Amino acid sequence: MSDVLALRKIRHSAAHVLASAAFRLFPTIKFDIGPATETGFYYDFDSDHQFNLGDLALLEKEMLSIIGENQNFEKSILTRKEAEKLFSDKNQEYKLSRLADIPEGTEISIYKNGEFIDLCSGPHVANTSEIKAIKLLSVAGAYYRGNENNKQLQRIYGTAFDSQEALDMFLKQMEEAKLRDHRKIGKEMQLFMIDDEFGQGLILWLPNGTIIRNELQKFILSELEKRGYSQVITPNLAKLDIFRTSGHFPYYRDAQYPPIPERVALQKLLNNNATCKEMMDGLENGQLDGFLIKPMNCPGHIKIYASKARSYRELPVKLAEFGTVYRWEQSGELSGMTRVRGFTQDDAHIFCTEEQLGTEINECLELVQLIFKVLGMSDFRVRVSLRDEDSSKYIGSEKSWLCAEKALKQAAESINVPFTIEEGEAAFYGPKIDFVVKDVIGREWQLGTIQVDYNLPERFDLSYIGRDNKPHRPVMIHRAPFGSLERFCGVLIEHFGGNFPTWLAPEQVRILSVNDAATEGVKAIQNRLRKNGLRVCIDIESEKLGAKIRRAELDKVPYMFIVGTSEIENGTVSIRSRVNKSIDGTIDLEKILEIIAKEIQEKRLPSSMS
């Protein structure tokens, strides 16, 4: 068993131990679910008692007591009637509701440790003694089943490890993560804002944050041009029928904004006193025309590909767009820039032949590697998601799938990074690769993805004329190295802790005057730097130099030029550099401009990271 699966078993079991402790301390409590997560576990409770941090300490003490009792986790298989009676007798309506979700004919199992019994499919450790270290972290509200129209339950978060040392390391990492929180740094550096009046989960990019976003876009655009991509732009709104054809509506409607009825058709309904339900039914079954705020960029790119006849000589066709899409996320799931409702993808779709598939996947991987290297994210792993044995739930021919899976596996093998094969995790339309990046404090983030798609070319009847002068179906590759610019920037803020490399920094140089006599000289140097394309500000306030230096340090400016009358007379500046300590000291102005220009051109990382 892999370390990841073993750890998930420990954490899942720790969630049951938490529920056991809660049952002992609060006997009337009601239980919903308690899964393992990537970083720990949680359990959702319904209780008249409002949990606080003091209660977490009591619960944790009781959990340690239960672990010390060496309780076994015992699995039993029940009939549906037996399970219904068990949880009905215990007055656990949430468990009865979850039981009703289990399809007929599916095994129903419970796990028992001590006096606690839970509806659960497992797996668990054999004995509580295998849970070596635990920590309860926080309590928060969580709507039942994630629906804000339902009752709000209390969710207790915790984590568990196979050793105290591993737990201590994780807790230290959490403290560092608080200091690097992109919401905190974003506010301090004025990078972005979220305004409830404007809309939850919708990012307002401030000027400083827009600079970072634009620099990232320029970076990837230059790389795409080298690789033969064509830039396109598609609207944020499209007819509902196009998403019916793609399958995005109504099958994924819960993750989309509601459709917008066509105005004339809507007026007709209103004149006939139609209800909201009748309107929505009409939109769903196609009797009513409407529009959808786009949840995906693919249909627009498909239409551009299909706008003219294509020959095999033209393939691959590579269409790229910084396309903004909108998804409906529950308010409780929103989180700063990393979980939002509107986001811009560095999206591209490659239309190619099956023979070209391997080459194109390798090129996509090479591009992702380059991006991660430039940004100091060279520690990453790859997940290759393939079909499982039940091939009936996938579309496309067996031959096509074997070709795509082989290409993805060979590509993953070729880049010399750790990768795992995850059977059963492929999308129904094709296998995919996900990139999981480790940041400077060891946290993992899932960022870009590459997906092979046989479904949409079929749905939209795409074709090209082959060497045999007959129509053939192209294969489609979806790829987005950043994933979304919002999430990627949120991760970057935390990865760098706001200490961006000079090429990305919103303010690259700050010129500090030593005294009022240097003011005009400072302004002249500022103009000189601006003509060189540098982002530069000046601090000519009448206060002590130490205060100005401290302010620039807090603002995380890569370079400080300290200028007095002697520096102006000599054509020099005194340097304090956050990114390159080796050049601190007095230096000729023209020389430092050459150094900074080369650093920006080469997109160097700060010396502390290189």
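Tabulated values for the structure
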item	result
Solvent-accessible ranking of 537, 352, largest area first, probe 1.4 Å	537, 352
Amide H within-cut-off set for residue 346, under 5 Å, with H built and near neighbours excluded	482, 483, 485
Fraction in percent of alpha-carbon pairs per bin - 5 Å, the range 467-515	4, 13, 13, 14, 9, 8, 7, 7, 6, 6, 6, 2, 1, 1, 1, 1
Length-normalised contact order for the range 1-132 - Cα pairs under 8 Å, 6+ apart - percent	31
Under the Karplus curve 6.51 cos²θ - 1.76 cosθ + 1.60, θ = phi - 60°, whole-Hz ³J(HN,Hα) for the range 50-58, x wherever Gly or Pro sits	8, 5, 9, 4, x, 5, 4, 5, 5
Cα-projected label distance for residue 333 with residue 181, points at 7 Å along beta-carbon direction, nm	2.2
For the range 245-266 versus the range 548-610, the gap between their alpha-carbon centres in whole angstrom	54
With 5 Å bins from 0: P(r) over the range 243-353, alpha-carbon pairs, percent	2, 10, 16, 16, 15, 14, 12, 8, 4, 2, 1, 0
Peptides 570-582, 150-162 ordered by average Cβ neighbours within 10 Å, highest first	150-162, 570-582
The range 187-269 shape via C-alpha gyration tensor axes, a/c threshold 1.5	oblate
Efficiency of FRET from Cβ geometry, residue 313 and residue 138, R₀ 51 Å, rounded to 0.05	0.30
Prolate/oblate/rounded call for the range 1-106, Cα gyration tensor, a/c under 1.5 rounded	oblate
Listed residues 551, 467, 327 arranged by accessible area, highest first, probe 1.4 Å	467, 551, 327
Length added when fully stretched, residue 97-residue 278, from 0.36 nm per residue minus Cα-Cα	62.3 nm
Gyration tensor over alpha-carbon atoms, the range 1-48, equivalent ellipsoid semi-axes in Å	24, 10, 6
Inter-site label distance for residue 461 and residue 72 at 7 Å from Cα along Cβ, in nm	6.4
The range 126-270 - accessible surface per residue (Å², probe 1.4 Å)	58
Accessible-area value, residue 276, 1.4 Å probe, nucleic acids and ligands omitted, Å²	100
Tail beyond 11 Å, pair distance distribution of the range 286-327 (Cα, percent)	74
DSSP-assigned coil residues among chymotrypsin sites (Phe, Trp or Tyr not before Pro) in the range 397-446, each with at most 13 further Cβ atoms within 10 Å	428
Spherically averaged projected area of the range 464-569 from its Cα convex hull (nm²)	11.4
Sulfur and carbon atoms: percent of accessible area, the chain [1.4 Å]	50
Hydrodynamic radius of the range 56-99 per Kirkwood, over alpha carbon pairs, in Å	12.8
Relative frequency of Cα-Cα separations exceeding 26 Å in the range 310-436, percent	34
Highest-first arrangement of 47-59, 328-340, where packing means the average Cβ count within 10 Å	328-340, 47-59
Probe 1.4 Å, accessible area per residue of the range 462-610, Å²	44
Debye-sum result for the range 412-519 in log10 I(q)/I(0), which assumes one identical scatterer on each alpha carbon, at q = 0.16, 0.22 Å⁻¹	-0.93, -1.22
The range 381-467: C-alpha pair distances exceeding 17 Å, %	53
Extension reserve of the residue 553-residue 415 stretch, reckoned as 0.36 nm per residue once the Cα distance is removed	45.8 nm
Inter-centroid distance (Cα atoms) of the range 342-382 relative to the range 156-226, Å	22
Theoretical FRET efficiency, 1/(1+(r/R0)^6), r = Cβ-Cβ of residue 594 and residue 265, R0 60 Å, to 0.05	0.40
Alpha-carbon centroids, the range 465-540 and the range 28-68: separation in whole Å	44
The range 140-264, relative contact order [Cα under 8 Å, separation at least 6], %	9
GluC sites (Glu not before Pro) restricted to the range 540-573 and DSSP loop, no more than 12 other C-beta within 10 Å	541, 543
Cα gyration tensor category, rounded, prolate or oblate, for the range 85-233 with a/c compared to 1.5	prolate
Inter-probe distance in nm under a simple model that places probes 7 Å from Cα toward Cβ, at residue 397 and residue 241	3.1
From the C-alpha gyration tensor of the chain, square roots of 5λ in Å	46, 37, 25
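The values are calculated or read from the model by the stated rules, or taken from the named source; none is laboratory data. Computed from a predicted structure; not experimentally measured. A quick note on method: Cβ atoms are made from the backbone with ideal geometry, for glycine too, and the neighbour counts reach across all protein chains shown. What goes into the accessible areas is simple: the full protein's heavy atoms, side chains included, and nothing from ligands, DNA or RNA. Shrake-Rupley method; radii C 1.70, N 1.55, O 1.52, S 1.80 Å.
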